[in-house]
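Worksheet: the structure to be examined is printed underneath.
Each reported figure results from applying straightforward, stated rules to the coordinates on display, with no laboratory input. None of the values given here were measured: they were computed from a predicted structure. A quick note on method: Cβ atoms are made from the backbone with ideal geometry, for glycine too, and the neighbour counts reach across all protein chains shown.
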Amino acid sequence: GNSVTQMEGPVTLSEEAFLTINCTYTATGYPSLFWYVQYPGEGLQLLLKATKADDKGSNKGFEATYRKETTSFHLEKGSVQVSDSAVYFCALSDSFSGGYNKLIFGAGTRLAVHP
Amino acid sequence: GAVVSQHPSWVICKSGTSVKIECRSLDFQATTMFWYRQFPKQSLMLMATSNEGSKATYEQGVEKDKFLINHASLTLSTLTVTSAHPEDSSFYICSATGQGENQPQHFGDGTRLSIL
């Protein structure tokens, strides 16, 4: 079945450091790919998405490119801030069935950014 | 846009009581809503999927008589944890999506349920 694998955390960085969080997936067909962010005690917020191969999703300085050849969707940011500290979830949309797509989530990667 | 409101955000109650959690889409019509459970420092586990006006579809291992889901309108779904026990304590999150393929899910802020 479809699955998402994320790098294990926690990832600890100093402010202004470069961030990469790896995400690879296994899927049949052509799923859409998403990054969600969860701040402490809150639900998930959609950070960015890509719907087809070679698409680049970007938002708030974060970006990720849908790489079909390597089945990856790595999240990157050039210069992280303390306010980026959160848990990041990579997800893919499962097959469209019954009028909706289910999301399959990775395990999440906790990011801690220190001043 | 695409705001989902979940209420209450935190509830503490005695063992044996039933607890209802509401999930509302404020500015769009949610044809499908999802209910997740999240254990500390873990990912989201999908419990069930509900489409407006029809019975919810539960994931394997989720007791439908324990977790009652109602999706009576295009903007409201409720999850009722019946006869709650301490092992039901968790963080419950709902999400909603509009009609069409590959629509993103929009999440509520979650409900922390503590059963004493």
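Quick check for me: using +1 on Lys/Arg Cβ and -1 on Asp/Glu Cβ, what's the dipole size of the protein assembly as shown about its Cα centre, in debye to the nearest 20?
300 debye
Fully extended, how many nm does the chain gain between A:GLU16 and A:THR71 (0.36 nm per residue separation, minus their Cα-Cα distance)?
Going from the current span to full extension adds 17.0 nm.
Once every Cα of the range A:1-79 carries one equal point scatterer and solvent is ignored, give the base-10 log of I(q)/I(0) from the Debye formula at q = 0.13, 0.17, 0.20 Å⁻¹, two decimals.
Normalising to I(0) and taking log10 leaves -0.41, -0.70, -0.95.
Between A:ALA50, A:ALA64, A:ALA27, which gets the highest mean-square fluctuation from a Gaussian network model of chain A, Cα cutoff 10 Å?
Highest fluctuation of the listed residues: A:ALA27.
I'd like the Karplus ³J(HN,Hα) series for the range A:108-115: coefficients 6.51, -1.76, 1.60, θ = phi - 60°, whole numbers in Hz, and an x wherever there's a Gly or Pro.
Whole-Hz 3J(HN,Hα) from phi for the range A:108-115: x, 10, 7, 10, 10, 10, 9, x.
Can I get the semi-axes of the protein assembly as shown's equivalent ellipsoid? Compute them from the C-alpha gyration tensor as square roots of 5 times the eigenvalues, in angstrom, largest first.
Semi-axes (√(5λ), whole Å): 30, 21, 15.
Work the Kirkwood hydrodynamic radius out for the range A:40-115: mean of 1/r over every pair of different alpha-carbon atoms, inverted, in Å.
So the Kirkwood estimate lands at 13.9 Å.
Choose one answer from B:ILE69, B:ILE12, B:ILE21: the residue with the largest mean-square fluctuation in a GNM of chain B with alpha-carbon springs under 10 Å.
Looking only at B:ILE69, B:ILE12, B:ILE21, the biggest GNM fluctuation is shown by B:ILE12.
What spacing in nm lies between the two simple spin-label points modelled at B:GLN42 and A:LYS56, each 7 Å away from Cα in the Cβ direction?
According to this spin-label approximation, the distance is 3.8 nm.
Considering the convex hull of the alpha carbon atoms of chain B, report its projected area averaged over all viewing directions, in nm², one decimal.
Reported value for the Cα convex hull: 6.9 nm².
For chain B, modelled as a Gaussian network with Cα springs under 10 Å, which listed residue fluctuates most, B:GLU87, B:GLU22, B:GLU52?
Evaluated over chain B, the most mobile residue of the options is B:GLU87.
If you plug each phi of the range A:21-37 into the Karplus form 6.51 cos²θ - 1.76 cosθ + 1.60 with θ = phi - 60°, what whole-Hz ³J(HN,Hα) values come out, in order, with x for Gly and Pro?
Those phi angles translate into 10, 7, 9, 10, 9, 10, 7, 9, x, 10, x, 7, 10, 9, 10, 10, 10 Hz.
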